[in-house]
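Let me begin by presenting the structure, written as structure tokens, before commenting on it.
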Amino acid sequence: MSGVYNKKFNVSLIMLTLITTLVMNVIGNNIALSLGMVGALSIVRFRTAIKDSRDTAYIFWCIAVGICCGVSEYLIAGIGSFIIFIFLIFFGIIKNDDRVLLVIKADLSDADKIDNAVDTFFKGKEKLKVKNQSIDAGSADMIFEVSGKLLDKKDKNGALLKSLKEIQGLHSFNVVRQEDDLI
């Protein structure tokens with residue numbers, strides 16, 4: 001079983017690497033400054049759950065810039081922030097895909113027809129994520145993943161549902177949009 005992969009986590013890792021480089025340039029070999037930084041970082045506690053890994057990186061970025069400014073290393077703070085900012089602009093195109101799940105329940109005998117109809121409709125650009133077949137109940141549950149942009153482009157007037165309704169064994173058809181924000 002695999003977990004949910006979030007591409008933004010990679011951006012956070014590289015961002016934290018750049019922030020650590022910024023802090024290490026300021027600390028150098030100063031033991032007193034390094035102990036002070038450890039004390040400052042130990043004060044930070046998160047009372048609320050951080051939903052996006054980049055939020056943690058932004059918090060540490062602010063702490064690093066504060067440390068730089070606190071020891072009058074304004075040039076390092078400015079250059080480091082500029083490099084991190086350019087990195088974020090460059091990798092700002094990395095976003096989670098707008099994923100849509102098509103959840104379909106149908107007769108077991110018609111599962112292949114529905115699979116073919118969805119594959120034909122999206123021209124193979126969908127992924128069959130789950131196909132659960134209940135032999136006792138004679139039904140099949142299928143979950144397809146497709147990009148939201150593709151669904152919005154191809155299915156403006158409910159054409160997919162209309163084509164699936166022609167298959168007699170269709171029981172239910174649900175569209176679920178996945179969002180990163182969970183409450």
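The values are calculated or read from the model by the stated rules, or taken from the named source; none is laboratory data. Nothing here was measured: the structure is a model prediction, and the numbers come from that model. FYI the Cβ positions are ideal-geometry reconstructions off the backbone, even for glycines, and counts take in every protein chain you see.
Could you say which residue among Lys153, Lys125, Lys131 is surrounded by fewer than 16 Cβ atoms within 10 Å (Cβ to Cβ) and part of a strand (DSSP E or B)? Steps first, please.
Numbers: Lys153 fails: part of a strand (DSSP E or B); Lys125 fails: part of a strand (DSSP E or B).
Unique residue meeting the criteria: Lys131.
Please determine whether any residue of region 129-141 is within 30 Å of the chain's Cα centre (by Cα), within 30 Å of Lys8 (Cβ to Cβ) and of a type in the set (A, V, I, L, M).
yes
Is it fair to say Ser81 is modelled with pLDDT of 85 or more and on the phi > 0 side of the Ramachandran plot? Full working, then the answer.
Details: modelled with pLDDT of 85 or more: yes; on the phi > 0 side of the Ramachandran plot: no.
In short, no.
Looking at region 117-128, can you tell me whether even one residue there is touching a strand residue (DSSP E or B) at 6+ places or on another chain (Cβ under 8 Å), closer than 30 Å to Met142 by Cβ and modelled with pLDDT of 85 or more? Quick ask: steps written out before the conclusion?
Of all residues in region 117-128, those touching a strand residue (DSSP E or B) at 6+ places or on another chain (Cβ under 8 Å) come to 118, 122, 125-128.
Checking which are closer than 30 Å to Met142 by Cβ leaves us with 118, 122, 125-128.
If we keep only those that are modelled with pLDDT of 85 or more as well, we get none.
No.
In region 85-103, which residue that is outside any helix (DSSP H, G or I) and modelled with pLDDT of 65 or more is farthest from Val176 (Cα to Cα)?
To start, the set of residues in region 85-103 that are outside any helix (DSSP H, G or I) comprises 91-103.
Next, from what is left, pick out any that are modelled with pLDDT of 65 or more: 91-92, 98-103.
Working: Phe91: 28, Gly92: 26, Asp98: 11, Arg99: 9, Val100: 6, Leu101: 5, Leu102: 6, Val103: 8 Å.
It comes out as Phe91.
Tell me the residue from Val103, Val146 that is under 30 Å from Lys51 (Cβ atoms) and in contact (Cβ under 8 Å) with a residue 60 or more places away in the chain, please. Can you show your working first?
Values: Val146 fails: in contact (Cβ under 8 Å) with a residue 60 or more places away in the chain.
Exactly one of Val103, Val146 is under 30 Å from Lys51 (Cβ atoms) and in contact (Cβ under 8 Å) with a residue 60 or more places away in the chain, namely Val103.
Suppose the filter is part of a strand (DSSP E or B) and surrounded by fewer than 16 Cβ atoms within 10 Å (Cβ to Cβ); does Asn116 pass it?
In short, no.
Taking region 163-183 as the search range and keeping residues that are modelled with pLDDT under 75 and out of contact with any strand residue (DSSP E or B) (no Cβ under 7 Å at 6 or more places or on another chain), which one is surrounded by the fewest Cβ atoms within 10 Å (Cβ to Cβ)? Show your work before the answer.
So in region 163-183, the residues modelled with pLDDT under 75 come out as 178-183.
With the extra rule that they be out of contact with any strand residue (DSSP E or B) (no Cβ under 7 Å at 6 or more places or on another chain), the set shrinks to 179-183.
Working: Glu179: 9, Asp180: 12, Asp181: 6, Leu182: 7, Ile183: 4.
Step by step, filter region 163-183, then rank; the result is Ile183.
Please enumerate the residues belonging to region 69-89 that are among the hydroxyl-bearing types (Ser, Thr, Tyr) and under 17 Å from Thr17 (Cα atoms). Let's see the steps before the verdict.
Of region 69-89, the ones among the hydroxyl-bearing types (Ser, Thr, Tyr) are 72, 74, 81.
Result: Ser81, single match.
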